[in-house]
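Here's the structure, in structure tokens; my notes come after.
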Amino acid sequence: MTLWHGKVSARMEFWLDLNEEQTDLRDWVHGFAEGVIRPAAAEWDEREETPWPIIQEAAKIGLYGFEFLVNTWSDTTGLSLPLVNEELFWGDGGVGMALSGTSLAVAAIYGSGTPDQLVEWVPQCFGDAAEPKVGAFCSTEPEAGSDVGAMRTRAVYDEATDEWILNGQKAYATNGGIAAVHVVTAVVDPALGSRGQAAFIVPPGTPGLTGTRKLKKLGLRASHTADVFLDDVRVPGSCLLGGKESLDERLARARSGQRASRQAAMRTFELSRPAVGAQAIGIARGAYEYALEYAKNRVQFGRPIIENQAIAFALADMKMEIDAARLLVWRAAWMGRNDRTFAAGEGSMSKLKAGEVAVAVTEKAVQILGGAGYLREHPVERMYRDAKIYTIFEGTSEIQRLVIARAISGMQIR
């Protein structure tokens, strides 16, 4: 056996403490969630309407907008955005999604667009404090959810006018129809399947784009979700994210059989998965904390119910699972921010674990409260409803497992 006699340098130090800026950011957002979001959460869930007054309040204090996004993204650890999301969704899932839903459109522009497109369109997604706006990312279709390659929305280039003509239908679009800016994925070369797709900006007020009425949902009711229809929607050539030259080069590589970069929808989901995982953790943490306090104060058979091992052990497991999921989210956020390859599907791991933890923890919180947990008088029933979507949208749990399995095996598992 050979002993290692190397010298440990200062560069090999490792720690998990948040720095002062991150701590201040977390506490600031938590204060907004506690003072503004939570008191209004039940009302907006019941109304099932977009909470524009809360969005405007967030914009006024600088919590919603392009500048805030730039500041959080400038954190090279990648942790600021997950910290923000966890605290917002600790406040409430539906209101949190109303505030963060625009980030999907922003992620799409960032992932596929040019620097000029980023500067031009991202601020328009948010509007300003006087008149806040929202953005929408439209990818899912009635026949193309997890199967992104089955997309039927088409984009045809009109060379005479330098315009793209979009036709098709999108389903379950967050902020669909009410957004100032819609980012729409479409097929430009059907013969190439998923490799023949591109993403387009649909500017505010563009004729031909319409949204259905707000869909009635199990949870996240304050967040607007709708189907979007595109009927001969014409957008300028400059609205093709990444530009025509880049698209032509990518399509040429695909036609020649060369390995192509991943489609626009998948790039967006890869960028957003850790942030989505942080949202699920926020909901789970809110339910766990409420159940913990309830268990300390609820007296049965002459003692607080937390003194029963069945309850105490359940709460211990809830806390452990939340912390484990958070570490996976932080790792994936750091990797994504620092251009590390998700060689083992780390982004999918974070979203998968966090989503399933949110469902399990909120269900257990309802159980700990017993009959009270089933009543709207307590927020855990709302958290339970809000959590379920995290095993479905932005890649179902089954799809996340498929991504991870393909990554670790190197095989095209189906």
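Read-outs: derived from the displayed coordinates by stated rules, not from any lab. No experiment lies behind these values; they were computed from the predicted model shown. Because the Cβ atoms are built from the backbone with ideal geometry, glycine has one as well, and the counts that use them run over all protein chains shown.
Relative to the longest principal axis of the Cα atoms of the chain, the long axis of helix 244-255 lies at roughly 90 degrees. Segment 373-390 and segment 25-88 have their alpha-carbon centroids 20 Å apart.
Positive-end ranking of TYR157, PHE229, LEU218 along the dipole of segment 135-255, with charges on Cβ about the Cα centre, is headed by LEU218. When you filter the GluC sites (Glu not before Pro) in segment 47-149 for DSSP loop state and at most 13 other Cβ atoms inside 10 Å of their Cβ, you are left with GLU143.
In the chain, the inverse of the mean reciprocal separation of distinct Cα atoms equals 22.4 Å; this is its Kirkwood hydrodynamic radius. Take every DSSP beta bridge with both residues inside the chain and express the antiparallel ones as a percent of the total, to the nearest 5. Restricted to the chain, the bridges split so that about 85 percent are antiparallel. Projected label points at ASP189 and GLU249, each 7 Å from Cα along the beta carbon direction, are separated by 1.5 nanometres.
Entry for segment 264-409 at q = 0.10, 0.21, 0.22 Å⁻¹: log10 I(q)/I(0) = -0.38, -1.14, -1.21, Debye formula applied to identical alpha-carbon scatterers, no solvent contribution. The helix-based estimate of mean residue ellipticity at 222 nm for the chain, built from -39,500 (n - 2.57) per DSSP H run of four or more residues and divided by its residue count, is -16000 deg cm²/dmol to the nearest 500. Would you give the gap between the C-alpha center of segment 354-372 and the C-alpha center of segment 115-143, rounded to a whole Å? Each part reduced to its Cα centre gives a spacing of 34 Å.
Rounded to 0.05, the FRET efficiency of the SER256 and ALA130 pair, given R0 = 35 Å and the Cβ-Cβ distance, is 0.10.
Dipole check for the chain: with +1 at the C-beta of Lys and Arg, -1 at the C-beta of Asp and Glu, and the Cα centre as origin, the magnitude is about 1300 Debye. Pull up the cross-link candidates among the lysines for LYS296, meaning alpha carbon to alpha carbon under 20 Å and not fewer than 8 places away within one chain. Within reach: LYS319, LYS364. Counted residue by residue at 0.36 nm each, then reduced by the alpha carbon distance between them, the extension gain from ARG38 to THR396 reaches 126.1 nm.
Simple rule: put +1 on each Lys or Arg Cβ and -1 on each Asp or Glu Cβ in segment 20-126, find the dipole, and look at TRP121, LEU81, THR23; the Cα lying farthest toward the positive end is TRP121.
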